[in-house]
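What follows is a short report on a single structure.
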Amino acid sequence: MSAIKLGYGRESVSFAYDEARFRVLEVEASENRPLTDVEIGEAVDAPIGSPPLEEIVSAGESVLIVVSDATRATASAQVVNLLVRRLIESGVAPGDVSIIFATGIHRAVTPEEKRELLTPFIAQRIKTINHDAQDSASMIQLGATAHGTPVEVNRALKEHDHIILTGAIGFHYFAGFTGGRKSICPGLASTRTIEATHMLALDFERGGRRAGVGTGSIEGNAVHEECERVAALIAPSFLINAVTDERGRAGRVYAGDWRAAHRLACAEYAQQHSVKIEAPRDVVIASCGGSPWDINLIQAHKTLDMAAHACRDCGDIILLAECVDGFGRADFLKWFDAADSRALEERLREHYEVNGQTAWSLLVKAEKFRVHLVSKLSETDVRQMRMIPARSIDEALAQMNQNSQGYIMPHGSSLLPVVAAA
């Protein structure tokens, strides 16, 4: 027997398994060493498709740094600290630098999270701005995209001379990848704009997902393309996106033009974070990797989506997700009043909400697989979402055929299983 530690919140659980029965799916170990401050500086010194940062930003100009919230591991404490110091060293006054949290429709960043995301030093010295997607007074209207999407974004984006995007690259189940344009839309957009872009993920005429929309897909992905059109109206001056390790530390940094650097990052991430499997198996045990990836169910669903790529139809998925913040939205559970995923999709057709789509995606998987959830959510709520509550991995496994073959995904949200061509 072998043993593996699987992240669960800020801790981990140990799981003993038979190597003849389970195969562990992991990224190659080349990214295990975190980057030093010097190495991150070198990446910024060699921007992709962009002039150097010092040639873009001048003394006397104002800079708005966009930072992800606590639901993302982006190495922001290190990256933002270095970025602020660099701007000040190049002549930008500390009073001309502001930081805004790209929360989208998520809750506001707490004071404790702010210190963790920025370091206490930066949090105390640099002005920070909270985004509220429902606060119309904080929004500015920029018309509409060529496809008719109304563009309403935080007015701070137009009140500074330069916008610098930070964040992390990862897979996203319908936008293709995180990072880049997502810092603007949905990160700093209004609820109305977010809904208009995100509903493009569904094909209300044929039903189900729109063609081209999915994990690791950018070309022909209507959601990605529309979010990028919104971001283009802001025209960010610079981007710094990280690829983080299992502890949220920067293992690689892409800096430069907000589109060119992001596209290269996505291409390389997909190559390095895809793993070939011979075929889907009966059982998949998937950990989100601990906090912040399992901070709530909406975030944990991203790991469930990846696990689904490795599980055969009607198979069993054991999802390890603490969900210390509950669902992620107080109104999330209402969507599971629907009789099934088709009824839920019809509700979305009549009255679309972003988190309703996440609920629909989760319900589709709960109908296709037996999903066992190890979490802090109540058993009643788990069952309402058509999942099977479990207190441990072993408890869930006891309900299955002991000879069934499976996969273990220690960092489920960052790995895309791909069935090898015959």
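The values are calculated or read from the model by the stated rules, or taken from the named source; none is laboratory data. Given the structure is predicted, the values throughout are model-derived calculations rather than measurements. Positions of Cβ are generated from backbone atoms using ideal geometry, with glycine treated the same way; all protein chains shown enter the neighbour counts. In case anyone asks, the SASA skips ligands and DNA or RNA and just uses the protein heavy atoms, side chains included. Shrake-Rupley method; radii C 1.70, N 1.55, O 1.52, S 1.80 Å.
Using the structure shown, decide if Leu304 is of a type in the set (A, V, I, L, M), touching a Lys or Arg at 6+ places or on another chain (Cβ under 7 Å) and within 23 Å of Val284 (Cβ to Cβ). The answer is yes for Leu304. The set of residues in region 365-384 being outside any strand (DSSP E or B), surrounded by 20 or more Cβ atoms within 10 Å (Cβ to Cβ) and touching a helix residue (DSSP H, G or I) at 6+ places or on another chain (Cβ under 8 Å) consists of Lys365, Phe369, Ser375, Leu377. In the set Arg115, Arg72, Arg85, only one residue is among the basic types (Lys, Arg), within 29 Å of Ala232 (Cβ to Cβ) and open to solvent by 10 Å² or more (accessible area, probe 1.4 Å); that residue is Arg72.
Restricting attention to region 11-45, the residues being surrounded by 11 or more Cβ atoms within 10 Å (Cβ to Cβ), assigned to a loop (DSSP other than H, G, I, E, B) and in contact (Cβ under 8 Å) with a residue 60 or more places away in the chain number 8. If you go through region 144-161 and keep only what is open to solvent by less than 20 Å² (accessible area, probe 1.4 Å) and within 30 Å of Arg252 (Cα to Cα), you end up with Val153, Asn154, Ala156, Leu157.
Please find, among Gln134, Gln141, Gln124, the residue that is part of a helix (DSSP H, G or I) and either modelled with pLDDT under 95 or open to solvent by 80 Å² or more (accessible area, probe 1.4 Å) (or both). Walk me through it before giving the result.
Details: Gln134 fails: part of a helix (DSSP H, G or I); Gln141 fails: part of a helix (DSSP H, G or I).
Matching residue, one of Gln134, Gln141, Gln124: Gln124.
When the strands (runs of 3 or more DSSP E) confined to region 180-278 are screened for residues that are touching a residue at least 40 places away in the same chain (Cβ under 8 Å) and under 21 Å from Val84 (Cα atoms), those reaching at least 3 such residues are found at 238-244, 250-256. Restricting region 412-422 to residues that are among the hydrophobic types (A, V, I, L, M, F, W, C) and either surrounded by 15 or more Cβ atoms within 10 Å (Cβ to Cβ) or in contact with a Gly (Cβ under 8 Å, 6 or more places away or on another chain) (or both), the residue that is nearest to Trp293 (Cα to Cα) is Leu415. Within region 18-40, can one find any residue that is of a type outside the set (S, T, N, Q) and closer than 30 Å to Asn355 by Cβ? Checking region 18-40: at least one residue is of a type outside the set (S, T, N, Q) and closer than 30 Å to Asn355 by Cβ. For region 53-62, residues that are surrounded by 12 or more Cβ atoms within 10 Å (Cβ to Cβ) and outside any loop (DSSP other than H, G, I, E, B) total 3.
So, in region 1-10, how many residues would count as being among the aliphatic types (A, V, I, L, M) and either free of Cβ contacts under 8 Å to residues at least 40 places away in the same chain or not in a strand (DSSP E or B) (or both)?
So the count comes out to 2.
Taking region 389-411 as the range and being modelled with pLDDT of 95 or more, polar (S, T, N, Q) and open to solvent by 70 Å² or more (accessible area, probe 1.4 Å) as the test, only Gln405 passes. Residues that are crowded, with 20+ Cβ neighbours inside 10 Å and of a type in the set (Phe, Trp, Tyr) within region 346-364 comprise just one, Trp360. Condition test on Val109, is it within 26 Å of Gly170 (Cα to Cα) and open to solvent by less than 20 Å² (accessible area, probe 1.4 Å)? Yes, satisfied. Assess whether Ser50 counts as being open to solvent by less than 50 Å² (accessible area, probe 1.4 Å), in a loop (DSSP other than H, G, I, E, B) and either farther than 29 Å from Cys288 by Cβ or among the basic types (Lys, Arg) (or both). For Ser50, the condition - open to solvent by less than 50 Å² (accessible area, probe 1.4 Å), in a loop (DSSP other than H, G, I, E, B) and either farther than 29 Å from Cys288 by Cβ or among the basic types (Lys, Arg) (or both) - is met. For region 62-102, a residue qualifies if it is β-branched (Val, Ile, Thr) and under 27 Å from the mean Cα position of the chain (by Cα), and the qualifying residues are Val63, Ile65, Val66, Val67, Thr71, Thr74, Val79, Val80, Val84, Val97, Ile99, Ile100. Within region 314-337, the presence of at least one residue that is modelled with pLDDT of 95 or more, open to solvent by less than 20 Å² (accessible area, probe 1.4 Å), more than 23 Å from Arg10 (Cβ to Cβ) and not in a strand (DSSP E or B) is confirmed. Considering region 181-222, the residues that are in contact with a Lys or Arg (Cβ under 7 Å, 6 or more places away or on another chain) and small (Gly, Ala, Ser) include one that is surrounded by the fewest Cβ atoms within 10 Å (Cβ to Cβ), namely Ala222.
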